[in-house]
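A short worksheet on the structure shown next.
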Amino acid sequence: MEKPMIPSLEQTKRRRGSGVATVYDTLKREILELRLRPGSPIDETNLTERFGMSRTPIREALIKLAGEGLVLALPNRSTIVAPIDLLDLPQFFDALTLMYRVTTRLAAANHTAEDLLTIRELQQGYAEAVAARDISDMIEVNRDFHSAIAAAGRNHYYCDMFDRLLDEGRRLLRFYYSSFNDDLPALFLDEHEEMVRAIEARDVAASDRIAKQHADQIVRQIQAYITSDRRENGDMTL
């Protein structure tokens, strides 16, 4: 009778790593698409049943999500989806607009041919996500596109600050795309193209102007969506 095969430590780690990735990718997509609402509780027991896994990969996935600011561990050891503080939005939008402008200006001045290749590849990926109406990919690739522009500017302080803002703003982009019923007009996709062309031409002034225009329209669209009156029963006769 053959002895049962005992999995090696490496095999066990690979399986656990695969499990962590599955939980992380699934929850991240649901959080970014607001299917898991800001402030809603995350029940580890329910997740173990849902994914058919032990608590270890579940907790490792939640630690990764917490590192990205998407979930929040509370003092009582419970976990919630990170809230969105609407009172902080004016300051957030102010900082975001400034970083759009600064990083795009610096990219126009300091980029390399390799930087441009990366930026163009990400822009192509974003266009494909828009065409497919894949909201999660649109959010993630948009973040990486602007992060690559910041990296091309060669100021790691700005890169770190902008990456943090881009990460915090990913769920707000869900409001942005929702305002278009997830069908982004070509006009706003073209803004990315204009930005890339200005960077490639090393036109600092045009890069600044396009970046501000891009930030302004995003902020206006999100603000309008958040404050729009979507009541269904306001005019009902009682």
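Measure nothing fancy, just the Cα-based angle from helix 55-67's long axis to the longest principal axis of the chain, in degrees from 0 to 90, nearest 10. That helix lies at roughly 20 degrees to the long axis. Annotation: amide H-H contacts under 5 Å for V71 (H modelled 1.01 Å from N, sequence separation of 5 or more, or interchain): A66, A82. The angle between the Cα long axis of helix 89-110 and the longest principal axis of the Cα atoms of the chain comes to about 70 degrees, rounded to the nearest 10.
Taking a point 7 Å from the Cα of R37 along the Cα-to-Cβ direction, the residues of region 205-238 with backbone N closer than 20 Å to it are 225-234.
Placing +1 on the Cβ of every Lys and Arg and -1 on the Cβ of every Asp and Glu, with nothing else charged, gives the chain a dipole about its Cα centre of roughly 780 debye. The orientation-averaged projection of the convex hull spanning the C-alpha atoms of the chain amounts to 19.8 square nanometres. Accessible area per residue for the chain, computed on protein heavy atoms with a 1.4 Å probe, is 58 Å².
The label-point distance for F180 and D134, in a model that sets each label 7 Å from Cα toward Cβ, rounds to 1.7 nm. For I42, what residues show an amide H to amide H distance below 5 Å, using hydrogens built from the backbone and excluding near sequence neighbours? Under 5 Å from the amide H of I42 lie the amide H atoms of T79, I80, V81, each far enough along the sequence or on another chain. Using the Cβ of Q124 as centre and a radius below 13 Å, the other residues enclosed give a net charge of -4, where K and R count +1 and D and E count -1.
Each residue of region 143-153 was assigned a 3J(HN,Hα) from its phi angle through the Karplus expression (A = 6.51, B = -1.76, C = 1.60, θ = phi - 60°), giving 4, 5, 4, 6, 5, 5, 5, 4, 4, 5, x Hz with x at Gly and Pro. Peptides 187-194, 120-127 ranked from most to least packed by the mean count of surrounding Cβ atoms within 10 Å: 120-127, 187-194.
Projecting the Cα atoms of M138, C159, P57 onto the charge dipole of the chain, computed from C-beta unit charges around the Cα centre, puts P57 farthest toward the positive end. Helical runs assigned H by DSSP (4 residues or longer) give the chain a calculated mean residue ellipticity at 222 nm of -23500 deg cm²/dmol, each run adding -39500 (n - 2.57) before division by the residue total.
The relative contact order of the chain comes to 21 percent, based on Cα pairs under 8 Å that sit 6 or more residues apart. For the pair A95 and A66, the difference between a 0.36 nm per residue extended length and the Cα-Cα distance amounts to 8.2 nm. Near L36: Cβ cut-off under 11 Å, other residues only, Lys/Arg at +1 and Asp/Glu at -1. The net charge is +3. For R133, no residue has an amide H sitting under 5 Å from its own, ignoring neighbours fewer than 5 places away on the same chain, with H placed 1.01 Å from N.
Label-to-label distance, Q217 versus R231, with points set 7 angstrom from Cα along the beta-carbon direction: 3.2 nm. Calculate what fraction, in whole %, of the accessible area of region 169-238 sits on carbon and sulfur atoms when a 1.4 Å probe is rolled over the protein chains. For region 169-238, the apolar C and S fraction of the accessible surface comes to 47 percent. For region 103-220, the Cα-based Rg and Dmax, in that order, read 13.4, 37 Å. Computed from Cα atoms, the angle from the helix 113-132 axis to the main principal axis of the chain rounds to 70 degrees.
The values are calculated or read from the model by the stated rules, or taken from the named source; none is laboratory data. Every value quoted in this text rests on a predicted model; they were computed, and no experiment measured them. Don't worry about glycine lacking a Cβ; one is built from the backbone with ideal geometry, like all the others, and counts go over all protein chains shown. Keep in mind that these areas ignore ligands, DNA and RNA; they rest on the heavy atoms of the full protein, side chains included. Shrake-Rupley method; radii C 1.70, N 1.55, O 1.52, S 1.80 Å.
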